[in-house]
Every structure is written in C-alpha cells, then in structure tokens.
1. Can you tell me which condition residue 244 does not meet? The list is (1) touching a residue at least 12 places away in the same chain (Cβ under 8 Å); (2) small (Gly, Ala, Ser); (3) under 24 Å from residue 164 (Cβ atoms), and all the others hold.
2. Taking the options 278, 290, 260, 307, name whichever one is more than 18 Å from the chain's Cα centre (by Cα), buried (at least 18 other Cβ atoms within 10 Å of the Cβ) and on the phi > 0 side of the Ramachandran plot.
3. Scan region 256-271 residue by residue and report those that are modelled with pLDDT of 95 or more and not hydrophobic (A, V, I, L, M, F, W, C).
4. Which condition does residue 313 not pass, out of (1) small (Gly, Ala, Ser); (2) at pLDDT 95 or above; (3) under 16 Å from the mean Cα position of the chain (by Cα), if it passes all the others?
5. Tell me which strands (runs of 3 or more DSSP E) are completely within region 61-109 and hold 1 or more residues being closer than 30 Å to residue 155 by Cβ and of a type in the set (Gly, Ala, Ser), or say none if there are none.
6. Residue 80 fails exactly one of the following numbered conditions: (1) touching a residue at least 24 places away in the same chain (Cβ under 8 Å); (2) in contact with a Ser or Thr (Cβ under 7 Å, 6 or more places away or on another chain); (3) not aromatic (Phe, Trp, Tyr). What is the number of that condition?
Amino acid sequence: MALIRSPRVARARAASAVCVTWFVAAVVATSGCELDDLEDSAALEAGVGNEPGEANSFANRDARLFWDSFETGGWNAQLDKGRTGGSIDVGPVWWQSQMQSQDSGAVLHDPGRARHGEHYMRFKWYRSRYRAAGISENTSKKAHLWAPRERYTTAARWYRFSLWFDEFGGPDSFPEIVAQWHGVPDAGNASSPPEQRETFRVPPLSVTHEGGRLVVKGYFAPERWNCVRRADDGIDDFCRVESSFAPFAIGPARNQVHNGYYRWIDFVFRVQFDCCGGAGRLEIWRHDVGDGGGYAKVADVTDISLGFNDAFAPFFGVGIYKFQGDSDHYKREVFVDNVKIGNERAVFADMK
C-alpha cells in the first residue's frame, strides 16, 4: 500500500484568523448532521470517558482523553437522538447518539470475537427505515456515536478504533461514512445577523466505505463564517469548503475470512488540524488482524490546511452514516471495538 505524502502548502496565515487544527477519518459528500445542541460537553475535562474496571493501557495516564471498549454491556450517551435500544446510564460517556432504529446500536457479548475484552458494538441501518416517523431525516440516515467535544485547540490528537464488516457490510453503490471528525458551526444566536450563523458542513475529515474500499477525504475553510444562511429560510448562501488533498484509499474494507468470519482491522490516526496555515498533518496506521504482521503506516499527509475556522475543534464519530439514505441492500452492519482518544502527550504505543 503506497504511503501518501502531500506537497508543501504555502503558509500564508492571515494574522487575524483564528484557525483550527485537527484530524479525521471517513468520507462524505453531503452537508452533514443536525447536531443542534451546541453546549460544550464537560466530559473530557471531567474524565468520564474512561473504560471502567480495567488496567490503564496508556503508558502515560495523562495522555488519555476517552476510552470505551463497551465492557459495560451497553453504550452511554449524554444526549440521545432517535431510538435508545442498547443505551445504559453507566460507563464511558459519549456526547451524543444518533440511532435510526431500536436495534441500531447493540453491544454484543462474545469473548471469542471481541477485539478487546469480551464485548463489542454492532451498528445496524435499515434502508426501509430511512425517513421513518418519529425521528429526524438526518438521524434516520445514521447508526452513530459521537465522542465528547472540546474547545478549539492546535494540539495534535490521536484516535484508535477497530472495524469489522460482515456479510451485510460488503460493497455498496451507495457510500457510507464509518468514521468522521465533524466540525461544530459557529451558530450564533437569534440576535446574530444571518452572515454570522453558520450551518453544518461536510466533515473536515472522514473515512468512507466506498466500493469495497475505505477512502479518506479532508476539507478546510479559512473564512471565519464559511457556511452561512442567506436569511431565516434556512437556505445556504455560500459554503466555501476546499479539499485538503485528493481523496485516497487506505485499503479494502474487509480483512480476510477466518473460521467463517471476517477479521478485525485496527486503525490509528494522528491528526493535527490547521484551517488556514498549511501546517496540518494526517498520519494513519492500519493493522489487519491475523495477517501475520503488525501495524503498517498507510498515510502521512503533511503541510496541509485541514479543518474549519471554528470555536470548537472537530469531534469524532463512528458507526454508519448513509448520507444518501439508500443502499443496494436491505440493511447494513459494521462492528466497532476499543475506541480510544489520546491528547498531545500520547504516543503510538498508547493507541495499539
């Protein structure tokens, strides 16, 4: 697999610009989510995003921001949108859930197949339940968990997660995002002029399941108000979003079959967002479990502008996002385990 490196980008940083530095995985070609609660989550600062009852796997405890391997037997979100089957009130606190159906988010107990511990998460999406009654259209496109958010920071962040696609996760002519780092618009308030009320945009970084491959896309926007409404009619006046790099694949979505099942794929992302100055960086490692090898670095994209000029940093989400609301198949599934987020003090060994 080729190592991707970007050409140097001119570092013409506007002196007055407040720029975001961050990282992301997953591809999308739509303006994304309707996450309307924009209050800052205190989950990171409070330290509630820690896997309970286990030895700390981070070499440096101060490096850990969030960790969930679903050993509590469910998922715990501060804010639930859509259905809540599988939701519990204990364990690491995700910021938000968006679940299309009652069985869109289920934690399964299977010590022989879990990537870490004895449990793992199954995300499920049904084509027939797109635009189902009782939930928003946006949530009807998703089986998704969103990690805690934090204020804008220029520091690098680390992300680690394992993915596994079964027979309902094969190639599909309708792509789906399986991991993303989503921006938080500077929405203003009712008294703010329309040009200072941003709407949601494409994720600045995403990983998309596209034609049997996993494809990474990145975007940036240096303008302070880069996607605003013309008026209160909700119609976007402009969305100035540019590609950070040409989309690239990080390998097939499926690992090889063993004992009748596809195997896990481990990913580690190190992301540094920089919306304006060309100092961003994206590093990605991949490990196909059972192939006899270890982690291989599959991307190192340097000297890029990545992310949006927002007050909040992009936040991580994982699961299924069928942004076109359609599929060749009646349902889609993806399995996820051992999600970690590390701060700038983390090292690669903390994420494995």
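The values are calculated or read from the model by the stated rules, or taken from the named source; none is laboratory data. Treat the numbers as computed from the prediction; the structure is a model and nothing was measured. With ideal geometry, Cβ positions are generated from the backbone for all residues, glycine too; neighbour counts draw on all protein chains shown.
1. (3)
2. None of the others qualify; the one that does is 278.
3. Within region 256-271, 266, 270 qualify.
4. So the condition that residue 313 fails would be (2).
5. Result: 76-82, 93-99.
6. (1)
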